[in-house]
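Asker: First the structure, which I've put down as structure tokens, then a few questions once you've had a look.
The values are calculated or read from the model by the stated rules, or taken from the named source; none is laboratory data. The shown structure was predicted, so the numbers you read here are calculated from the model rather than taken from an experiment. Here the Cβ positions follow ideal geometry from the backbone for every residue, glycine too, while neighbour counts run over all protein chains shown. With ligands, DNA and RNA removed, areas are computed over all heavy atoms of the protein, side chains included. Shrake-Rupley method; radii C 1.70, N 1.55, O 1.52, S 1.80 Å.
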Amino acid sequence: MESRVLVTGATSGLGLAMATALAGAGAGVAVSGRSGERAREVAAGLPGAFGVELDVRDDASVARAVAEVWERLGGIDLLVNNAGLGMRTVNPRFMTEPRGFWEVPVEGFREVVETNLTGYFLVAREVTPRMPAAGGGRIVNIAVSEATMSRAGFVPYGPSRAGSESLSRVMAADLRGTGVTVNLLLPGGATVTGMLPDAPAGHRFLEPEVMGPPIVWLASPEAAGVHDERIVAAGFEQWLRVRRETAPE
């Protein structure tokens, strides 16, 4: 795989799992995170990868990072918008002691929305105009289940992810026919990442590695025409099988 990929929030959790899978498949991967030092440490353990400091909330940081990645990789074929903050930032015990939206600190609300929604916008806004002139490109925005968007005690995480999903749909509509594709990818259930605190006894979680096969496929030649899809990683094999069986000859 010769894809050139930028993964935001790639120093842990889903981002690290996707960066690892892509690098393992032969892609050139830019591992980004708020801490440039941490990003470089993580990238050192992945073949053909390098680390870059990128704070998705800061448009100046985004511009610097995208310019650096574009120069070092010679372009960006795939942007994986993944950087995000979870409910832990406003309520460390949100799984066992959910709080009403009126109890959420204002600054906590703003920080989550600025990361999970505005961050997706800022990075995509910086990358997208470069892609058509380079022959096209792909954007994958990481999403969550619809239930998470309306679950009690999930302000501001739920609304921020509902917003980023809407953003993705509008991006796909705006970019239709340009050679730049936009798709959504979600795990398909609660996943073991740094976003999860304590959980009720007996609760089962997905592993971050569930994101590996679909993101590698989305970077592959077979996915060149895939646009405005919402792909659930936990059901990816079945989704792909149905797609192949129903594809026109």
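Asker: Out of curiosity, is residue 151 modelled with pLDDT of 95 or more, on the phi < 0 side of the Ramachandran plot and of a type in the set (Lys, Arg)? Step through it out loud before you land on a result.
Answerer: Details: modelled with pLDDT of 95 or more: no; on the phi < 0 side of the Ramachandran plot: yes; of a type in the set (Lys, Arg): yes.
Taking the combined requirement at face value, the residue does not satisfy it.
Asker: May I ask you to say which residue of 28, 13 is touching a residue at least 40 places away in the same chain (Cβ under 8 Å) and under 19 Å from residue 217 (Cα atoms)?
Answerer: None of the other options fit; the residue is 28.
Asker: How do the pairs read when you match residues in region 39-62 that are under 14 Å from residue 15 (Cα atoms) with residues anywhere that are assigned to a strand (DSSP E or B) and open to solvent by 60 Å² or more (accessible area, probe 1.4 Å), using Cβ under 8 Å and keeping only pairs 6 or more apart or on different chains?
Answerer: Matching pairs, first to second residue: 39/53.
Asker: Another question about this same structure. Which of the residues belonging to region 220-242 are among the aliphatic types (A, V, I, L, M), open to solvent by 30 Å² or more (accessible area, probe 1.4 Å) and over 14 Å from residue 188 (Cβ atoms)?
Answerer: 224, 242 - these are the residues of region 220-242 that are among the aliphatic types (A, V, I, L, M), open to solvent by 30 Å² or more (accessible area, probe 1.4 Å) and over 14 Å from residue 188 (Cβ atoms).
For (1) among the aromatic types (Phe, Trp, Tyr); (2) on the phi > 0 side of the Ramachandran plot; (3) modelled with pLDDT under 95; (4) part of a loop (DSSP other than H, G, I, E, B), each residue gets a yes or a no:
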residue: 2; (1), (2), (3), (4): no, no, yes, yes
residue: 6; (1), (2), (3), (4): no, no, no, no
residue: 11; (1), (2), (3), (4): no, no, no, yes
residue: 14; (1), (2), (3), (4): no, no, no, no
residue: 42; (1), (2), (3), (4): no, no, no, no
residue: 61; (1), (2), (3), (4): no, no, no, no
residue: 67; (1), (2), (3), (4): no, no, no, no
residue: 93; (1), (2), (3), (4): no, no, yes, yes
residue: 97; (1), (2), (3), (4): no, no, yes, yes
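Asker: Do you know which residues across region 91-108 are aromatic (Phe, Trp, Tyr) and either surrounded by 15 or more Cβ atoms within 10 Å (Cβ to Cβ) or touching a residue at least 24 places away in the same chain (Cβ under 8 Å) (or both)?
Answerer: 94, 101
Asker: Can I ask one more? Six or more apart or on different chains, Cβ atoms under 6 Å: show the pairs whose first residue is in region 145-167 and part of a helix (DSSP H, G or I) and whose second is of a type in the set (D, E, K, R) and open to solvent by less than 40 Å² (accessible area, probe 1.4 Å).
Answerer: 149/161
Asker: Hey, any hits in region 78-90 for a residue that's in a helix (DSSP H, G or I), among the hydroxyl-bearing types (Ser, Thr, Tyr) and touching a residue at least 24 places away in the same chain (Cβ under 8 Å)?
Answerer: no
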